[in-house]
Structure formats: C-alpha cells, structure tokens
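Each remark here refers to the structure printed beneath this line.
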Amino acid sequence: MTLLTEKAAIAIANAQAYEAANRQAAIQKALRDITVAAVDAADLQSMLDDTLHAVLNALGLTMGSIWTGKANALNGMATYVVPVMAETAVAGQLQLHEAHVIADWESVNDPKLQQLKEKLMRYHIRASITVPIESGTRHLGGLSIADTAPHNWNSDEIELIESAGREIGNVALRWQLLEEIQRDAEQREEIIESVDEGILLLDADGRVMTTNTLGRAYLQLLHPQRGDAGEPATTRLSTLADYPLEALITPPAHGGRREIKVNRRTFRIAVRELKSGSLSGKWVLALQEATMEKEMQEQLQRQERLAVVGQLAAGIAHDFNNIMSVNILFAQLGMRTPGIPLKLQERLQTIYDQSKRAATLIDQILDFSRSAVLERTPLNLITFLKEITKLLDRTLPENIRVKMRYGEGRYIVSADPTRMQQVIMNLAINARDAMPQGGQLTFGLDNADSLPPMFKPLQEEDDVETWVRLTVSDNGTGIPDDVLPHIFEPFFTTKPPGRGTGLGLAQVYGIVKQHGGEITVLSQIGKGTTFVVYLPLLKEIVPTAPAKDSRNVTGGRGEIILVVEDDPSIRGALVDSLQELNYQSITAINGEEALAILAEQHDRIALILSDVIMPKMGGIDLFRAVRDRYPNIKFILLSGHPRNHTLTEAEQKALTAWLDKPIDLSQLAETLAHILG
C-alpha cells in the first residue's frame, strides 16, 4: 500500500511537473508571440488583439481586455464590461503602478472596492488581474485578465501578464508618439493650407521639399518645366519666372518683399532662412499674389492723376471759353454788317468756324474733367444702341461687321443722350482704327450686381444695387501693355500727327465718370480689345418737362440790360451783340458796382446778364442780393466755368437762365427773346 501510494504521488508530481513545463512553454511561446506582434504589427490595434489572444491562450482563459489611448482589445466579455475592468486600474489609490491581483472577488472585504466588486460579480467575474501599461513615467492604459471562477494567480502567470503590459507600453508609446507626430504634421499642414499665400520649403540646393496647394499652383506658373502640379519636385529650382533664385533669396536693401511679374500677374516673395533645428540651412518662400492689389493701386493712381489733369483742364477751358466768346460774337457781328465785302465775309466765317471747332475741343476737355453740363433723361440703352448701330452700319467701312447682343434685363439709365452718343461713337471709331483690314465690332449689354474689386475703393457712393454693363469689343490689333495705363489721359495718342487729338478716350472716361459710372479695358495683342462701361441702373423714371419752343426768335424792343463782366473784351462783345439785337445796355465790372447801379436805376433795368467769377463780388452773390432786393428783375448767369456752384432749390427756381460760354449770337437772341418777349 505504501509503495502504491508513493507511485501515485510520483505520478501526480510528474503530471504536475509536466503541466508546469507545458504552462511554462506556453508562457514562453506567448512572450515570443507578443514580441513578434510588437515588431510586425501594422498598427496598434492589431498588436493589442494579437497580444491579448496570446496571453489568454497561454493561460487557458477566455476573458480579457486591453485599453490604451483610443485603442482597445476585448475577448470573452461584452463591450460594456471593459469600462468596469478599467476601473480596476484606478481603484483604491486611484492610480495603478503595479499588478492588482484578486484571486476571488467574493472574499474581498475592502470598503474601497465594494462598488467595483458588486459590478464584477454581476458580470460573473470571480477573479482578475490588472497590470498597468506604462512606458517610463507615462501611464498609457491597462491590461486585465479575468476568470469566472476563483483563480490563484501564480508568479509565472503574473510575470506573463506584466511582461505583456510592458511590451504593450513600449509599442503603445511609439504609436502614440507617432500619432502625435502625425497629428502635429496634419495641424501644421492645415495651418499652411489655411494661409492665403503659396508656401515653398527649399533645401540648400534649391530643391522643393514641400509646398501647400497654393504654392504648387503658383510654382506651376512660375516654374512650368517642373512637371505636373501634383508631383513632388525632383529638380533644382534655379529660377522663378526668369528671376534667378539666388537674387530672390537675397533680402532687398529696403526690406519687405520682392516683386516678380509673369503673364500680367504680380507676385510678392518673402524669404526666410531657417537657422536652427532639423531644418537648419533650408529656405522658406512665401508667395503672395498681388495682382488685384497692384491693379487697384494703379487704378487709384490713374484716377488721382487724371483728376489733377482734369482740374487743370477745367481751368484752361474757362480761359479758352472767354476767348472764344469774344471771337464768336465779334465774328457774327461782323458778318451781319451791311455791305461787307465777300472776301471779308469769308474770313469772318473762317474765324467763326475755327472758334466753334475750338469750342468743341473745349467741350471735350470739360467732358474729361467731368465739368460739362449734362442734360440727363431716362435712356433705354437697348433702343439707343439699336439706333447707333444702324448709323454705324452706314458709316463704318463695309469690311467691319456691327453686332449687338443682350439678354433679358433692365437697361434704363439716367444719361445725357448726346454725351452717351459721343461715348459710343468714340469707342466705335477707336475700334475701326484698330481693324484696318476689317473685323467685327460687338456691342453687349447685361446687368451686374456689383463693380469689379478694382473699382470698390474708388466709389464714394455704395448705394447702387444694380449696374448696367456695356461692352464694346473688337477683334483688331489690340493695345500694347505699355500703352494701356495711358489711354484715358488727355492728349495721349499713338496715332500719327494730324490723325487724332488724343481727347477721344479722355472724353469717354470723363463722360462715364460724370454719369457716376466706371470704365475699364481688356486687351490682347493680335486678338482685340474690349471696353467695359458700368452705369448705375435707373431705379425709377421721373417724367421730364417739355422743352421750350425756340421758334420765332425776334430782337428786342429797346429794353435795358445790365451787363456785369470783369473781362473788358467779353464785356465789349456782349454790349455790341445786345445793340445788334436792339437792346440797350449798362455795364459793371463786378457785383458791387452792379448793386450801386441798381440802387439808382433798378426801375429801368429789365434784365441782368452777369458773369459768375469776378473780383470783389461774383455773380452768385450778386444774384442772391438782387433776388432779395429786386425780385422782379430777370437774372441770367453766364460762365465759362462748370456749373459746380451751389444753389439751393429755391435759388435755382428763381434764376431765370444759365448760359455757358462760349455763347453765340443766335443763342443769346433766343434766350433774351424767350425771357423778355
């Protein structure tokens, strides 16, 4: 019996030793599998799954979970058990830095663990072991293995689970660091992509290491031989838009950014050399497109320059109007002289004709300076253009085809029809000259909700809701780039002497601006030119008063007219003209002298004909004084200046008439006859 017992004990011991050896072999295999999983894992999640599977196989168990960061692994339990298992890692002291081993939860009496115990028992978990997943001092998560029966965890099992936790910690840290690096890289890329500039990172040899999307697009334009925009750079950049890279990366002496131009586009380049860290010796280039900004600046400079020239032109026009008034009136008076020799009659007619031609040039100057007098009326541009195209069909060469296109829209503007006809005709003549071999002239109409950005800073009023856009296009020779900035300047012309005054487009510019509009031009050599005119759409149509009948003009009946004019030549011409028209006249050289005369003779004077700009007291102040003291006396203002003097609505109604210099005899006769007849 004793021998049998001994043999049984030996068999049991051998069986236990064999089982222990198998268990140890399984543990060693599990450790090897965990190491392989750590090395070969494509991602953290697959490594966690493989590690948990290896540990459970080695222990002969089926329940376990791993959690670390955003990755979790689970086996043999519902997903809602994982948070409960995770509580084991923070139970007690709320922070776990060593294995937390429970052989039987039913025997646990620690008050701190009672709530956790109840939850685990509810899920039929009797035993568990939880180890921290750490790397150095960083706590990354935990590994829990559970059993549905009491389980005395031996040292080999604990060592296996702790080894698995350490291996997971090392791998998890690497993956977390990689995720952080990737996240930082994504954030940097998002930041770079959000910048409204093209960003290029170049190495010391000028090769592109990385770019943002805008940078790739700009690089395609500035360095087109680089290949597809989506491909990485493989060649060294030596130039950008024909500018040497060495020159571009050298900061300009005045600081700021360098400017480069390509295909009518302007770019500003800021360069910085990186002098620290892993990118030391590399260069960052920031490319900013400044095309629109430059266009707006140039447009504003042109506007300011043209405004100054316009003020000068208006002043010159005033002096010329005074001179032309004398020439025209005396020429007309001379031609009315009885018995004048035919040769002298012809000479006076030539003086009159040339003076009227000069007056036309003055009108063009005033149009450019936005100082001409406009007689606005609601104008339907469709009907208006149809009439003009009929005229152009008859007057332009036969090899030029005239077309008109428009869609559904509203095309009524408040405009002076005569001035608008000058705009269209000037642009049409410009197109004709650009198509010596013939071509097509196209007029277009459509509506626009807003002006192009280049005009936004120039518009003082922003209450225009809709614009009428008029385009005048030709397929002629085009305008060179160096000429485009000057085409609206007065007296600028590329035509040979005798073929143009250089005022046509300047007049167009002034008329459009005086109508509250804008004008721009697009041109390409060999393909043609398009002028684009923007005019405010008329919101409501106000009926216009019928024009006065100018027929049956007669001379005066000896009425006395007070002529107030500081220029003796004009004063003399007016007096002689009034005498020719059977009026009497009294003269004064300024408003003060006129008031002195009125104080003594106001009951004899039927009308006052006064210049506007005079020393001591001008025509406006004289008119106001006369209106207050002698309201029954008719008053005509006569001026070579634009009508930019402020009169109230009541004053405008009280003013009998306003005549613009230069005035001719027939105009003066008609006006006086209507007022005094």
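Among the criteria (1) part of a strand (DSSP E or B); (2) open to solvent by 10 Å² or more (accessible area, probe 1.4 Å), the one ALA146 does not fulfil is (2). In this structure, GLU193 does satisfy being touching a helix residue (DSSP H, G or I) at 6+ places or on another chain (Cβ under 7 Å), assigned to a helix (DSSP H, G or I), more than 28 Å from GLY136 (Cα to Cα) and at pLDDT below 80. In the stretch 640-651 there is no residue matching the filter, namely being acidic (Asp, Glu) and touching a Leu at 6+ places or on another chain (Cβ under 9 Å). Under the condition of being open to solvent by 10 Å² or more (accessible area, probe 1.4 Å) and within 13 Å of ILE487 (Cβ to Cβ), the residues counted in the stretch 424-438 number 4. Of all residues in the stretch 536-545, none are at pLDDT 90 or above, farther than 30 Å from ASN263 by Cα and among the small types (Gly, Ala, Ser).
Looking for whichever is assigned to a strand (DSSP E or B) and either open to solvent by 60 Å² or more (accessible area, probe 1.4 Å) or at pLDDT below 80 (or both) here; the options are GLU259, GLU293, GLU298, GLU246. Which one fits? Step through it out loud before you land on a result.
Details: GLU293 fails: assigned to a strand (DSSP E or B); GLU298 fails: assigned to a strand (DSSP E or B); GLU246 fails: assigned to a strand (DSSP E or B).
It is GLU259.
Collect the residues in the stretch 439-453 that are more than 18 Å from LEU381 (Cα to Cα) and part of a strand (DSSP E or B), keeping them in residue-number order. Walk me through it before giving the result.
From the stretch 439-453, those more than 18 Å from LEU381 (Cα to Cα) are 439-440, 450-453; that's our starting set.
Of everything in the stretch 439-453, those that are more than 18 Å from LEU381 (Cα to Cα) and part of a strand (DSSP E or B) turn out to be GLY439, GLN440.
Counting only residues that are buried (at least 18 other Cβ atoms within 10 Å of the Cβ) and farther than 20 Å from SER280 by Cα, the stretch 180-211 holds 2 of them.
Filter the stretch 380-396 down to the residues that are among the aliphatic types (A, V, I, L, M) and either over 34 Å from the mean Cα position of the chain (by Cα) or under 16 Å from ASN430 (Cβ atoms) (or both) and list them by number. First the steps, then the outcome.
Quick first cut of the stretch 380-396, residues among the aliphatic types (A, V, I, L, M) only: 381-382, 385, 388, 391-392, 396.
Those that are among the aliphatic types (A, V, I, L, M) and either over 34 Å from the mean Cα position of the chain (by Cα) or under 16 Å from ASN430 (Cβ atoms) (or both): ILE388, LEU391, LEU392, LEU396.
Exactly one residue out of GLU375, GLU387, GLU465 is of a type outside the set (Val, Ile, Thr), closer than 21 Å to ILE511 by Cβ, open to solvent by 40 Å² or more (accessible area, probe 1.4 Å) and part of a loop (DSSP other than H, G, I, E, B): that is GLU375.
Residues in the stretch 410-429 that are out of contact with any helix residue (DSSP H, G or I) (no Cβ under 9 Å at 6 or more places or on another chain) and modelled with pLDDT of 85 or more: ARG410, SER414.
Can you find even one residue in the stretch 495-512 that is at pLDDT 75 or above, in contact with a Pro (Cβ under 8 Å, 6 or more places away or on another chain) and open to solvent by less than 30 Å² (accessible area, probe 1.4 Å)?
Step one: filter the stretch 495-512 for residues at pLDDT 75 or above, giving 504-512.
Narrowing further to those that are in contact with a Pro (Cβ under 8 Å, 6 or more places away or on another chain): 506.
Now drop any that are not open to solvent by less than 30 Å² (accessible area, probe 1.4 Å), which leaves 506.
So far as the stretch 495-512 goes, yes, one or more of its residues are at pLDDT 75 or above, in contact with a Pro (Cβ under 8 Å, 6 or more places away or on another chain) and open to solvent by less than 30 Å² (accessible area, probe 1.4 Å).
Residue count for the stretch 346-367 under the criterion of being at pLDDT 80 or above and surrounded by 13 or more Cβ atoms within 10 Å (Cβ to Cβ): the result is 7. Quick check: anything in the stretch 142-157 on the phi > 0 side of the Ramachandran plot and not acidic (Asp, Glu)? No, the stretch 142-157 contains no residue that is on the phi > 0 side of the Ramachandran plot and not acidic (Asp, Glu). Residues that are more than 52 Å from the chain's Cα centre (by Cα) and either open to solvent by 60 Å² or more (accessible area, probe 1.4 Å) or over 19 Å from THR130 (Cβ atoms) (or both) within the stretch 157-178 comprise GLU159, ARG166, ASN170, listed in sequence order.
Number of residues in the stretch 413-423 that are among the β-branched types (Val, Ile, Thr) and either free of Cβ contacts under 8 Å to residues at least 12 places away in the same chain or open to solvent by 50 Å² or more (accessible area, probe 1.4 Å) (or both): the value is 1.
The values are calculated or read from the model by the stated rules, or taken from the named source; none is laboratory data. Just so it is clear, the structure is predicted and the values come from calculations on it, not from any experiment. Please note: Cβ atoms are built from the backbone with ideal geometry, for glycine as well, and neighbour counts cover all protein chains shown. We work out accessible area using only protein heavy atoms, side chains counted, and drop any ligands, DNA or RNA first. Shrake-Rupley method; radii C 1.70, N 1.55, O 1.52, S 1.80 Å.
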